[in-house]
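The values are calculated or read from the model by the stated rules, or taken from the named source; none is laboratory data. From a predicted model like this one, the values you see are computed outputs, not experimental measurements. Note that we place each Cβ from the backbone using ideal geometry, even for glycine, and neighbour counts take in every protein chain shown. Surface areas here come from the heavy atoms of the whole protein model, side chains and all, with no ligands, DNA or RNA. Shrake-Rupley method; radii C 1.70, N 1.55, O 1.52, S 1.80 Å.
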Amino acid sequence: MINLENISYSYPFQSTKALTNINLQIKKGEAILVTGRSGCGKSTLGRLINGLIPTYFAGSLSGDMHIAGIDRKRHSFHDLTGLVGSLFQDPEQQFLSTTVDDELRTALEWRGYSSRQIDSALNPIIEQLGLQNKLGSSLFTLSEGEKQKVALASILALKPQILMLDEPTANLDIDSTRELLSILTSLKQEGMTIVIFDHRLYWLRALIDKFYLMDDGTISESGSFSDLEQLRTKFGLRSTQQAHLSVPQLTIGQMTQPGGLYFDALSFGYSGQPPLFNNFSGGLPQGKVIAICGQNGRGKTTLARLSMGLEKPISGNISLHGAIQSAKNRLQRGSLVLQNTELQLYMRSVTEELQSAVSEPDKKININATLEQFRMAGLQDRHPQSLSGGQRQRLVIACALQKKPEVLILDEPTSGLDGHNMEMIGQHVRAEAERGAAVALITHDHELINNCCDYVWTLQEEV
Amino acid sequence: MLALSGAKTNNKRFSQWMGNLDIRVKVLTLFFLSLSLIFLKNPVGLAFLGVLSTVCLFSLGKYRMMMIIYLLLIVTWAFSQSLTWLLALFIPTMKEQTIAQTLIPFLRMWPLLNMALTVSLSMEIGNALLALKKMRLPRLIYLPVMVALRFIPGFINDIKQLRDCLLIRGIPLNISALILHPNRTLRLLIVPMIIRALRLADELAIAAELKRVGYGQGVMLEKTNFRWADSTFFVGAMLALVVAWNIPGSIVESGMHSSIKNQDQLQRTSESGQQ
């Protein structure tokens, strides 16, 4: 189904090769995992299989490539779009419409299908993925899991022979991950070839037939899932076992300690929507790392925004170390790292970016040591926006720590990070708590929670 | 999701009638209104259209936004009038420029702004895209408009997020920062926005290509009819235009050119009188 022979590729204006001498054979109906460290070339290999290389990413490509029986040298990108379906890490990236029904129909409409043909193609898929009650919904009101199902349904409607998934569980909670696994298992049973590019491994145990481990642009190891465990330490992989939470729940007593951040009888809701918090009380104790969990859409990020004064509560107070603080004060004394790293980097170089984040402008920091700590040595002069997703994420966190915040909140800090980097972020977070900061991580990642958190705070449906 | 107001919706029943109208009717009304405003020179007719369009915008319940926009219009007009008086000290022909003449461009802007805002703020993106499909526009027009409509809210959201990120980093985003540190403030704003816009453009192009949008046989469409409310609104709007054209009032030319023309006419009249 996929046959790559001696493939080498380098991106435009780059002297080093992103892929070197790749040989890969995937049979029809196989489920394959491609994993490896951040920046090892997984995404590049994915772009090669779904045809974005060389159509969108020109560069220098050599070797032979046959995808679903067609020779890439003789066929265009559009010949591939019907054969390979790609599910991106953020499904919203691939939406062209705004409602579920319209999104599902768009690709078929552009292929000239009549309304009746579209219905007959879509109905079984809608039923299989359980989207019947969501057809009239706006795509922007769906949970991450639902968005992923919609993106998957619109791909499956085109009947591709190969399904490619890029870090499909990066933003999913445990239930949604389980549901995705069940869908992929039934697709595999129907004979679909599945290629998954992911750092998170535990959920794939029952699905995959073979893994390919990439390192520095080459395939360095391959084998069955059980072989992955012994390669974990050497290649910085995430756990192959499902991590069960070993961290206790945060109690009311711990929340109400005098140090740290405290929400007192807080009420908040977005305009025209039901309230997210109604007379809500709780807090982040000083010197502890708290994992804030809860279903997608429960209000975890909103709580972080309220903490930093980016949203104004309808009623209630927010205090720091026992004293009620204004929004401006909380913003000055805290740090919040959001998921959109592109919008959090402004300077011309990594050095300037780190220096600009220091609260006292005259204080010089040791840039080299900081970059070393965050595994970014040698990137001093790079433009921050030219870094990879994982590197940007680490730089944004490094900038947030320069402020020496009294409250530190990180929103999904490990999506897209490999095992080594996850552990490194965990160590920094622990160090901040030991310094005396109240630290919160908004995450679904049980491995990270077990690694560095003291307590779990689960936001319930009704507060 | 609304086109220019992010995800916020107005749940008041009074505000919903505009949103329920067919987008094609609203766009056509805006088109005919714009066309009329180019040629209409009667201040009474323009004011009549201004009042009617204000009712439409008022129905959306965006009172604060209306107040700011009207205030801006008044301030701009006052500025323009002050400049006219100032120029009149050096250019004698400018003395002929009446208040009605400087008012005319603003009377034109008033209904146009009202209607443009009414259309954009009452339009759900999903319905707008469907309506554009129904209009059977050529792909060359449909695709860019669809892309713009689909991604305007996302881009506005990015700007809001950028503002938040700057605040978190302790960088205020206000007029004084722009005046005191223009280079720094602009770079902080522009660099992430350009990068985000370029990435968004790439993502969109890839998403469209994967769906074969713009290729293949194209879209087959089913016919959809207007409802009586749509027809009533459109007929009412066209009648209002007819009334505005025929309402009693004087024709006023606007701008400096008209003052010079008036001066020439006066001179010619006085010369012919002398002869």
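Below, the figures for the structure above:
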{"quantity": "Residue within the range A:215-228 that is more than 25 Å from A:Leu48 (Cα to Cα), among the small types (Gly, Ala, Ser), outside any loop (DSSP other than H, G, I, E, B) and in the same structural domain as A:Gln148 (by TED's automatic domain parsing) present", "calculated": "yes"}
{"quantity": "Residue list for the range A:55-93, restricted to those being under 20 Å from A:Ile194 (Cα atoms) and among the charged types (D, E, K, R)", "calculated": "A:Asp71, A:Arg72, A:Asp79, A:Asp90"}
{"quantity": "The range A:256-272: number of residues that are more than 14 Å from every other protein chain (Cβ to nearest Cβ) and either within 29 Å of the chain's Cα centre (by Cα) or touching a residue at least 40 places away in the same chain (Cβ under 8 Å) (or both)", "calculated": "11"}
{"quantity": "Counted residues, the range A:348-388 - those being of a type in the set (Gly, Ala, Ser), under 27 Å from the mean Cα position of the chain (by Cα) and within 11 Å of chain B (Cβ to nearest Cβ)", "calculated": "3"}
{"quantity": "Test: A:Leu310 is in contact with a Gly (Cβ under 6 Å, 6 or more places away or on another chain) and within 26 Å of B:Ile171 (Cα to Cα)", "calculated": "no"}
{"quantity": "Residue among B:Trp85, B:Trp110 that alone is crowded, with 19+ Cβ neighbours inside 10 Å, assigned to a helix (DSSP H, G or I) and of a type outside the set (D, E, K, R)", "calculated": "B:Trp110"}
{"quantity": "Unique residue being in a loop (DSSP other than H, G, I, E, B), touching a helix residue (DSSP H, G or I) at 6+ places or on another chain (Cβ under 9 Å) and of a type in the set (A, V, I, L, M) when the list is A:Leu187, A:Leu158", "calculated": "A:Leu158"}
{"quantity": "Residue tally, condition open to solvent by 30 Å² or more (accessible area, probe 1.4 Å) and either on the phi > 0 side of the Ramachandran plot or outside any loop (DSSP other than H, G, I, E, B) (or both), over the range A:139-155", "calculated": "5"}
